[in-house]
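To start, the structure itself, in structure tokens.
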Amino acid sequence: GPLMIEQYRALSGLVPKNVDLTIDEANVQYKRGLMDEARSRGWALLTENGTNLDAVQRLVDVWAEYDKDPLRPDQVAKLADDGSADARLTVARYYLMNGNPRVASQLVGQLPGEDAAGLRARIGYMTGGGAAAAEDVLSRDDRNCDALAVRATEAAKQGQAANAVTAAQVIATECPTRDGYDLLAAAYREKNEVSGVRRAFLDGINARPLAT
């Protein structure tokens, strides 16, 4: 509610006012079913504050509630061409999690760095490739959350539940806004540890309080 938003504003005096306002407006418009207006607010935020990772993450949280496909193809192309690395990776990850690896891949493109390499490896894995690319990234960057997600998923698939739990725990710690808790719950389910599943689920809820 509004109190949360006020507390957030008090905590983040550094965030420009227009970010809060834009997020609030997009949220209200989505709630009212004004998809086009909400989407144009989101696009404005991406173009004006795309280097502000916190702002982009908050926008993605709003999308997660209302909008699986928030960008037009021309906007995706523009973001891929001149968006900040953070914006491209965060939005790409959102599209991947919503079953659209093609857009995710377009957004990541050939971005340099291990974060991009990890996400490319995960896109490859989720579209039928093996886990080798992810393991390659982990050999250089053992806390890469996208590559760890591949390791956790592959380990669970191979019946190596303990390895799946280990990888998912690192994601949950390192990248609390991502799906580490979901992967952790799945890994415990694989081990038939009901208490672990429940704990992962509750920890996940606590780690991701809804911004709205």
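The values are calculated or read from the model by the stated rules, or taken from the named source; none is laboratory data. Only a predicted model underlies this, so the values are computations on that prediction, with no experimental measurement involved. Positions of Cβ are generated from backbone atoms using ideal geometry, with glycine treated the same way; all protein chains shown enter the neighbour counts. With ligands, DNA and RNA removed, areas are computed over all heavy atoms of the protein, side chains included. Shrake-Rupley method; radii C 1.70, N 1.55, O 1.52, S 1.80 Å.
At-a-glance table
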read-out	value
Test: residue in the range 174-192 that is in contact (Cβ under 8 Å) with a residue 40 or more places away in the chain and either surrounded by fewer than 15 Cβ atoms within 10 Å (Cβ to Cβ) or among the polar types (S, T, N, Q) (or both)	yes
Close pairs from the range 66-81: first within 17 Å of residue 30 (Cα to Cα), partner of a type in the set (Gly, Ala, Ser), Cβ under 9 Å, at least 6 apart	66/26; 66/38; 67/38; 67/42; 68/99; 70/38; 70/42; 71/42
For residue 211: the one exception among (1) assigned to a helix (DSSP H, G or I); (2) among the aliphatic types (A, V, I, L, M); (3) modelled with pLDDT under 95; (4) more than 14 Å from the chain's Cα centre (by Cα)	(1)
Among the residues listed as 169, 160, the single one being touching an Asp or Glu at 6+ places or on another chain (Cβ under 9 Å) and open to solvent by 40 Å² or more (accessible area, probe 1.4 Å)	160
Subset of the range 17-68 [acidic (Asp, Glu) and assigned to a helix (DSSP H, G or I)]	20, 24, 25, 36, 37, 48, 54, 61, 65
Flag if residue 98 is among the polar types (S, T, N, Q), open to solvent by less than 10 Å² (accessible area, probe 1.4 Å) and closer than 24 Å to residue 61 by Cα	no
Residue 53, sole failed condition from (1) crowded, with 17+ Cβ neighbours inside 10 Å; (2) hydrophobic (A, V, I, L, M, F, W, C); (3) within 23 Å of residue 144 (Cβ to Cβ)	(1)
